[in-house]
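Chemist: Structure in structure tokens, see below.
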Protein chains: 2
Amino acid sequence: MSEFDLIERIRARVASREDVILGIGDDAALLQVPAGRQLVVATDTLNVGVHFPAGTAAADIGWKALAVNLSDLAAMAAEPAWCTLSLSLPDGDPAWLEAFLDGFLALAAEHRVALVGGDTTRGPLSIGVTVHGFVAPGRALRRDGARVGDDIWVTGTLGDAAAALQQWRAGEGGDAALRLRLDRPVPRLAAGQALAAVAHAGIDISDGLIADLGHLARSSGVRAEVDLEALPASSALTAAFEAPSRHGLQATGGDDYELCFIAPTAALEAIERIARATATPITWIGRIVAGEGVRVFDADGAEWQPPRHGYEHFA
Amino acid sequence: MSEFDLIERIRARVASREDVILGIGDDAALLQVPAGRQLVVATDTLNVGVHFPAGTAAADIGWKALAVNLSDLAAMAAEPAWCTLSLSLPDGDPAWLEAFLDGFLALAAEHRVALVGGDTTRGPLSIGVTVHGFVAPGRALRRDGARVGDDIWVTGTLGDAAAALQQWRAGEGGDAALRLRLDRPVPRLAAGQALAAVAHAGIDISDGLIADLGHLARSSGVRAEVDLEALPASSALTAAFEAPSRHGLQATGGDDYELCFIAPTAALEAIERIARATATPITWIGRIVAGEGVRVFDADGAEWQPPRHGYEHFA
């Protein structure tokens, strides 16, 4: 399959939008940002062996490559619109490409994201995606707005993806529900957009709760105090991992792509409404105080130390 | 060097612009597209051994990674504004990164392009860049506007980068002027923006003149007829390569990142003015006729066949 065949196969399957003036097939895409909206841009690359286990199904890789990028838009409270795709492939296997597109385009269709351009190169398997979305001026959910006295919340459950990775590394069959969380993360777009009205700050959890909350605390100039027992766990995680290893996965495991957001205590009822309206589990996990860094406390009120820090490249 | 150190090193050196509301350091960048302008987006990834020879200087890799993307904006007649950078590095060598940034940011500064986000991952050396620019509605230079009777023009000289690659592959010392064309392509931004007023269509030459003109002819539904002897050659190329190998490099060699554009014959004087105003050599090389594909004719009027097709991934 030549590069041109590859691009034609992709182009043949791509849906468009009215604000795409010119999509795949020219030197660049031509796009129309709605009047009065700001552009939100995020980019994330997935490499085999680093961001997904070797042998991951092509459709899951396609889904995840877009999902981790849409999660960044969710964390900014942006409405997604367009994406580009840079595919580096070791060979031009049409079956692999079609399966990859099955996953990628299924998630794109769900959120009306148009694939408007990209490139294909020969090399080790690597998928680079850049996503574009919109937000009203002043309505983006940034990392730097947390204030002393605010509450800390998370969507969904934590630690599932890291648990699946641990099972895979151990060579076990692994739990299907946990593996689904690793392979098919669900970007919290509806929740992110709704929460922007009440939250002071937000971030998505890609490197692990402590690591990502640490970024947010540093940006905001505050300390985050987390209640270990409050961290939400899925029934699959609880069944497969007992404390303390479960706590380690919840507090430091990456790849869940849940949102962590900071809101004033007065927002409690609004948050409950948003949880119901967007069908998103939302759980209180701690408080913002003066200081710096992230501290985690166990059920006895003693400071808890994670078994290891969240995943970091080049660490 | 950790991922966070890497990002801090990059952030410390990046210049901003007034339309960057939020740059590196959050989940996504927040950007303001000017009222009444369309957004132009292109993305291109460079892999070691495919897009530049192993051993290429880090500063040259940085320059080229941005240049090939800006060349796509030039081919659309867009004014560049922002970019994101996805760096995959085999290790976290600070000296390599600083040298890479020297080249990347030098070109960015020249065109007031702000680096607003990206990511860093561990893996084989690979550089993915997405560039964003603006164009007035209806003023983009597309591939699909060539008409029968139009003239075909190119900027600069052709075949230099491919000649340098050939010398490098042969293990020769190589000509420094040719190698500079391979390592430091100059995106034709000023010429592209000026030509949009008179040209019907345009494309940048990355895969070789015949291959890229073929894309344009297909998009426009026309045939391109090229005069082999008219193809511009640098003095360095002429000194190092005699015909017919020089003709092969000019007609099929990739990586020069010159513009090929299509204009009505009445635009001749305007094109000469643009060449002077933007200090860009511009050369007539052929005509658009009815039909399809690209045909090249030698000095005797006989149809000329290239020694091989332009570079194509997965070929």
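Chemist: Just check region A:47-144 against the gyration tensor rule for me: Cα atoms, a ≥ b ≥ c as the square roots of the eigenvalues, rounded for a/c under 1.5, and otherwise prolate or oblate depending on whether a/b exceeds b/c. The partial results should precede the final answer.
Modeler: Numbers: a/c = 2.25, a/b = 1.93, b/c = 1.17.
Verdict is prolate for region A:47-144.
Chemist: Average partner chain C-beta neighbours within 10 Å, per residue of A:86-97? Can you show the working numbers first?
Modeler: Numbers: counts 8, 1, 9, 2, 0, 1, 3, 0, 0, 0, 0, 0.
Partner Cβ neighbours, averaged per residue: 2.
Chemist: Please report, in cubic angstrom per residue, the volume enclosed by the convex hull of the alpha-carbon atoms of region B:163-206.
Modeler: On the way: hull volume 3.4 nm³, N = 44.
Taking only Cα atoms, region B:163-206 has a hull volume of 78 Å³ per residue.
Chemist: So what are the ³J(HN,Hα) numbers for region A:134-142, from phi and the Karplus equation (6.51, -1.76, 1.60; θ = phi - 60°), rounded to whole Hz, Gly and Pro as x?
Modeler: 10, 8, 6, x, x, 9, 5, 8, 9
Chemist: Apply the Karplus curve 6.51 cos²θ - 1.76 cosθ + 1.60, θ = phi - 60°, to the phi angles in region B:265-278 and return the couplings in whole Hz, x for Gly and Pro.
Modeler: 4, 5, 8, 3, 5, 5, 5, 4, 5, 5, 4, 5, 5, 9
Chemist: Skipping prolines and chain starts, which residues have an amide H placed within reach, meaning under 5 Å, of the one on B:Ala201, given they are 5 or more residues away or on another chain?
Modeler: Here B:Ile262 satisfy the definition.
Chemist: Here is a further query. First obtain the Kirkwood hydrodynamic radius of chain A from its Cα pairs, then insert it into the Stokes-Einstein equation at 37 °C and 0.692 mPa s, and state the resulting D in µm² per second as a whole number. Write down the numbers at each step before the final one.
Modeler: On the way: Rh = 20.2 Å.
D, rounded to a whole number, is 163 µm²/s.
Chemist: Counting only residues 5 or more places away or on other chains, whose amide H sits under 5 Å from the amide H of A:Arg295 once H atoms are built in the peptide plane?
Modeler: Correct list: A:Ala224, A:Glu225, A:Val226.
Chemist: Report Rg/Rh for region B:1-96, rounded to two decimals, where Rg is the Cα radius of gyration and Rh the Kirkwood radius.
Modeler: On the way: Rg = 15.2 Å, Rh = 15.5 Å.
In region B:1-96, Rg relative to Rh is 0.98.
Chemist: Additional query: By how many degrees, 0 to 90 and rounded to 10, does the Cα axis of helix B:94-110 deviate from the longest principal axis of chain B?
Modeler: The angle comes out at about 50 degrees.
Chemist: Next question. Tell me, what HN-Hα J-couplings in whole Hz come from the Karplus equation 6.51 cos²θ - 1.76 cosθ + 1.60 at θ = phi - 60° for each residue of region A:192-203, using x for Gly and Pro?
Modeler: Taking θ as phi minus 60°, the curve returns x, 5, 6, 5, 4, 6, 10, 7, 8, 7, x, 7 Hz for region A:192-203.
Chemist: Extent of the protein assembly as shown along each principal axis, from alpha carbon coordinates, in Å, largest to smallest?
Modeler: In descending order, the Cα extents are 92, 49, 41 Å.
Chemist: Could you give the longest part of chain A that holds none of the trypsin sites (Lys or Arg not before Pro) found in DSSP loops with at most 16 neighbouring Cβ atoms within 10 Å? Before the final figure, lay out each step's value.
Modeler: Numbers: sites that count: A:Arg17, A:Arg112, A:Arg139, A:Arg147, A:Arg308.
It runs A:148-307.
Chemist: Along the principal axes of its C-alpha atoms, what lengths does region B:173-251 span, in descending order and rounded to whole Å?
Modeler: Each principal axis gives a Cα extent; for region B:173-251 these are 42, 28, 19 Å.
Chemist: If you build a Gaussian network model of chain B, linking Cα atoms that sit under 10 Å apart, which residue out of B:Ala290, B:Ala191, B:Ala59 swings the most?
Modeler: B:Ala290
Chemist: Here's something else I'd like to know. Which residue fluctuates the most in chain B, going by a Gaussian network model with Cα springs under 10 Å, if the choices are B:Gly202, B:Gly62, B:Gly293?
Modeler: Comparing B:Gly202, B:Gly62, B:Gly293 in the GNM, the peak value goes to B:Gly293.
Just so you know, all these numbers are worked out from the coordinates, no wet-lab data involved. Since the model is a prediction, treat every value here as computed from it, not as a measurement. Please note: Cβ atoms are built from the backbone with ideal geometry, for glycine as well, and neighbour counts cover all protein chains shown.
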